[in-house]
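In what follows, a structure is listed as structure tokens, so that the remarks can point back to it.
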Amino acid sequence: MRRAIYPGSFDPVTNGHLDIIERGCKLFDEIIIAILVHPEKKPFFSIEERRDMLEQVLKPIQQPQCSLRVDSFDGLLVHYALAQKADAIVRGIRAISDYEYELQMALMNRRLEPGIETVFMMPAETYSYVSSRLVKEVFQLGGTLDGLVPPLIEERMKAKLRSS
Ligand code: PNS
């Protein structure tokens, strides 16, 4: 039984995240998609909203050989990973620019908890420039999110804007 944690802010989940999860399913029996509770950050969506959206968009990609679970965590990622009895942390790397930050985090996590490996995965080239930050910026400035996030996420973003 190989269990991995896929941590992140997921504010909101993008097609790039889903691509990494689908690839991760080829390597792991279970992936816990773990949303970081960040008290200082002002997110677009609350933890509950992100959790619900993730659960919805994971349904179509769920496969029998790999269980997908959504959770949230605070504190150190390695402490959470240990508590979940995970073998690995999955992180997506889109470009060289991601590598430096990701390498630092992976090495710090290894120092803190040598038993947990970090696995870097590359998304499809189509998503190599997609980030939650840019998705929010494009949306707020009126651009289309077609192909960048699942339609449900764009709908939820529009609903959020209407209600604010
Ligand atoms: O998608 P993000 O926002 O780039 O994800 C960053 C995340 C959640 C992986 C990172 O901020 C994290 O692990 N935070 C938990 C606190 C922690 O363990 N810090 C030490 C890591 S070196």
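The values are calculated or read from the model by the stated rules, or taken from the named source; none is laboratory data. Computed from a predicted structure; not experimentally measured. Every residue, glycine among them, receives a Cβ derived from its backbone with ideal geometry; neighbour counts consider all protein chains shown. These accessible areas exclude ligands, DNA and RNA; they are computed on the full protein's heavy atoms, side chains included. Shrake-Rupley method; radii C 1.70, N 1.55, O 1.52, S 1.80 Å.
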* Structure fact -> Taking Cα pairs closer than 8 Å and at least 6 residues apart, the relative contact order of the stretch 1-150 in percent is 31
* To do: Let me have the 222 nm mean residue ellipticity of the chain computed from DSSP H runs of 4+ only, each contributing -39500 (n - 2.57), with the sum over all residues rounded to the nearest 500.
  => -12500 deg cm²/dmol
* Asked: Can you name the helices of the chain, as whole DSSP H runs, whose Cα span along the helix axis is 15 Å or more and whose Kyte-Doolittle mean is not below -1.0?
  -> 47-58, 96-112, 151-163
* Asked: For the chain, which span is the longest to avoid every loop-located (per DSSP) member of trypsin sites (Lys or Arg not before Pro) having at most 13 other Cβ atoms inside 10 Å?
  -> 86-164
* Structure fact -> Of the accessible area of the stretch 44-164, computed with a 1.4 Å probe and all protein chains kept, carbon and sulfur make up a percent value of 55
* Could you give the accessible area per residue of the stretch 1-142, probe 1.4 Å, as a whole number in Å²? -> 56
* Structure fact -> Among beta bridges assigned by DSSP with both residues in the stretch 9-158, the antiparallel ones amount in percent, to the nearest 5, to 5
* Asked: Considering the chain as a Gaussian network with a 10 Å cut-off on Cα pairs, which listed residue, Leu141, Leu107, Leu27, attains the greatest mean-square fluctuation?
  -> Leu141
